[in-house]
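Since the structure comes first, as structure tokens, the remarks are kept for the end.
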Amino acid sequence: MSDEHKIAIRVRDVSITFPTEDGPVTAVKNVSFDIRENEFFGIVGESGSGKSTVCRAITRLLPDRAEVTGEITVHAQKMLEMDLDRLRDIRGNGISMIFQNPSSHLNPLMTIGDQISETARFHYKRNREELNELAVSTLKDVRFSNPEGQVNAYPHQLSGGMKQRAMIGAALACDSKIIIADEPTTALDVTVQAEILDLLIKLRQERGLTIIIISHDLGVISQLCDRIAVMKDGELIEQGRTEEVILSPKEDYTRTLIASRPEAIRLHNSAWKGEPTESGNPVLAVNRASIYFGGQGRNAVVKAVEDVSFDVMRGDIVGVVGESGSGKSTIVRAMINLNTLSSGEILYDGRDVRNFKGAERVNFLRKVQMIFQHPQESLDPRFSIEQCIMEPLKLHKIVPKDRIASRVRELMEMVELSPDLLTRRPRDISGGQAQRVCIARALAMEPEVIIADEITSALDVTIQAQILRLLTRLKEQMGLTIVFVTHDLDVVRTFCNRVVVMQIGKLIETGTPQQIFETSSHDYTRRLVAAIPHLPQGLSQSETA
Amino acid sequence: MNALAIPMRAVRQLPGLFIVGFVITFAWIAVAILAPVLAPYDPDAIAFDALLTAPSPDHLMGTDQLGRDIFSRVLYGARVDLFMGVVGLIVPLVIGVFLGLLSGYFVGWTDTIIMRALDITIAFPFLVLVLAIVAVLGPGLSSYFVALALVAWVPYARLVRGQVKLIKQTDFIAATTSLGFGSTYTLIRHVLPNCIVPALVFAVTDFVLIILYGSSLGFLGMGAQPPTAEWGVMIADGQTYLSTAWWISFFPGLALLTLGVGAALLGDGTAKLMRVER
């Protein structure tokens, strides 16, 4: 470590163990790192890597049963041995935390102003006017447009991005110099994320903050941080200057992490998805579809989808993208009648999907299969994996009775799962495995079209890459048509050959990825595209996927 | 197929109290089955030469005002009370679960009708309503069962309805729709097994209350009728002799107490066992 920078946080040989029913589980193993003053330090890792655990240990926010060994010092004060009074003084006053979900970390019954000044009231015991002044000036610092008015707003009156900015304000109100941000933008839309990241960069300069940011998203981390650390299975496997780690990673895992990013996949597989189909009849056609909730026409409370039209051509991978509230899931759920259209129509092979009855309906549902976002929740928790896949085969008599068991095994093989998993229950397998089971179950129906609703959003990036590869291969082998709904524009750009962009219930535009991502003339599309976090330039030479 | 899979780890960690409850309850079931073998006397045999005798080797728990052997009557009483508990439990459970499923799964008028019926029922205190129904139908065990069927389904329906509403939101129910499964099939195969656990747990705890209320009715002269050897009736019988012949009320009371405690412990343990880790 160079001497010109003072060390703000020093973590030495920290191991964290949780006692469980099945014996102690080590969540963090021998992790050491130093963070200098005024540094932006990033910790990246997938779920279960221990990245949040280690940061919670710095402020001793772990449950009492957690056993922490090693040494943690903040400005040369030993955190692990500190008594509670002193600790309380430091929390919120020297070190503050920002959490992932702003909605659940703000008290719904307190105004934003009160919550921001609460730390000051607790630590400094100031009077009402001073507190209000502090809240207003903090809101100004976190770029609220009308701080004097918004100081009295309640959380539900603010958007997600404003709530996150208010939470950052609360963290800063007592002049904390160290901020630990645990996935601060994961729950936010990509344009809002860009806004928050920008704010963090500005605040760091203005206030001389030291910031630790924890994220699963290498793009976010590399945009912000001076130095990054990569964690896997509780171990810190690599750390260094951001460019060094990203451009010349030393560890295989870091390389995999980088290569799993859609932009990296795109660089190495330019001909991955094939050209879009231009001629012929669409397999699914959405014609002027509107979906209202809570009433009809003028009385509608929520216009979830309004006057949307697009076609899905046979053999295409159509990406439907948009931020939360854009109506992208709502419209694709209507394709199989999980939502009811208020007006307009959706045609499958030229026939309105609402008019299928009896045997025709079953046949239609077999041809158009849907896969959902949370794989574990879309499997009956009481069924074994085998039963989950077997059920449609049995019920719809897709294969003769004596062929069912072998067909289940074939399907497992198709989605690259080991037959050992057949006897397990959904909660005993990983998210990625469960999503493969869902794909196998959909394939059991021998579909023509698969509607995938945010199927990789709940998964780690390396698993996402595997699932996307799997789907692409299956599409090639079986001639599937895929409707892929996601908020992740980078995935769409890599994976789809036709893109539908939606915003608050309306269709913005449709086109090929090139049209959308490179030459779009729509403001909203360009803002979305600009907000995608990227790795630093020069990536293409660096990794070896 | 093991729809209500009980995790083995939970079995190994069974709390001691659950085992106590299990042993007590099943001991009483054994007693009920074996009553004719175990009982030294005919429970209804009147013996005027042995009125109100205190507990002795001849009459382990003494005799009552008609010279009937209390021990034999307590053994036979287990049959009546357990029967009462089981029937009085299953009928409302089945009705409640069925109505709860319907009202949770099908919104609209089905739900409205069932919920209004439920509101009307819970507007009255439980025992008052049961007493009123029994009074109208005439005293007796069968009236008690009818009253329970009309009143005791309410908590099950509410529990199941709430669960169904939750489960209905989950993706795996949406998945059954997209897989083209019919709604009756989905309801029985996927919704019911995932909704019934809280109702079953409540039922095991409710078992002891059904018996206690049944005995209370017997005590009030509205339940099982004399000379049936039912514990509540026996406790009421001994009331007048409490100062001179305590054993007439004491031993049936003790029996009721042990069965009650046993069933309650069993209920608590079952609740822990059936909790599915999600």
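The values are calculated or read from the model by the stated rules, or taken from the named source; none is laboratory data. The model shown is predicted, which means the values in this text are computed figures rather than measured ones. Backbone-built Cβ (ideal geometry, glycine too); neighbour counts: all protein chains shown. Heavy atoms of the whole protein, side chains included, go into the accessibility calculation; ligands, DNA and RNA do not. Shrake-Rupley method; radii C 1.70, N 1.55, O 1.52, S 1.80 Å.
General observations
- Number of the exception - A:Thr423 against (1) within 12 Å of chain B (Cβ to nearest Cβ); (2) in contact with a Lys or Arg (Cβ under 7 Å, 6 or more places away or on another chain); (3) of a type outside the set (D, E, K, R); (4) open to solvent by 20 Å² or more (accessible area, probe 1.4 Å): (2)
- Residue list for segment A:197-236, restricted to those being open to solvent by 10 Å² or more (accessible area, probe 1.4 Å), outside any strand (DSSP E or B) and under 14 Å from A:Gly50 (Cα atoms): A:His216, A:Asp233
- Flag if A:Val491 is under 30 Å from B:Cys195 (Cα atoms), outside the structural domain of A:Val44 (by TED's automatic domain parsing) and surrounded by 22 or more Cβ atoms within 10 Å (Cβ to Cβ): no
Each row is one residue, and each column tells you yes or no for (1) modelled with pLDDT under 85; (2) more than 30 Å from A:Val321 (Cβ to Cβ); (3) acidic (Asp, Glu); (4) surrounded by 21 or more Cβ atoms within 10 Å (Cβ to Cβ).
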{"site": "A:Leu109", "(1), (2), (3), (4)": "no, yes, no, no"}
{"site": "A:Glu129", "(1), (2), (3), (4)": "no, yes, yes, no"}
{"site": "A:Leu139", "(1), (2), (3), (4)": "no, yes, no, yes"}
{"site": "A:Ala166", "(1), (2), (3), (4)": "no, no, no, yes"}
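- For segment A:237-272, filtering for residues that are open to solvent by 40 Å² or more (accessible area, probe 1.4 Å) and either at pLDDT below 90 or not in a loop (DSSP other than H, G, I, E, B) (or both) leaves 17.
- Qualifying residues in segment A:308-345 (those that are surrounded by fewer than 21 Cβ atoms within 10 Å (Cβ to Cβ) and aliphatic (A, V, I, L, M)) - the one nearest to A:Arg473 (Cα to Cα): A:Met313
- Residue in segment B:173-194 that is under 22 Å from the mean Cα position of the chain (by Cα) and open to solvent by less than 40 Å² (accessible area, probe 1.4 Å) present: yes
- Segment A:142-182, residues that are part of a loop (DSSP other than H, G, I, E, B) and basic (Lys, Arg): A:Arg143, A:Lys177
- Matching residues, segment A:368-398, being part of a helix (DSSP H, G or I), more than 8 Å from every other protein chain (Cβ to nearest Cβ), open to solvent by less than 50 Å² (accessible area, probe 1.4 Å) and not hydrophobic (A, V, I, L, M, F, W, C): A:Pro375, A:Glu386
- Subset tally (residues that are modelled with pLDDT under 90, assigned to a helix (DSSP H, G or I) and over 24 Å from B:Arg116 (Cβ atoms)) for segment B:127-141: 1
- B:Pro43 passes every criterion in (1) out of contact with any helix residue (DSSP H, G or I) (no Cβ under 7 Å at 6 or more places or on another chain); (2) not in a helix (DSSP H, G or I) apart from (1).
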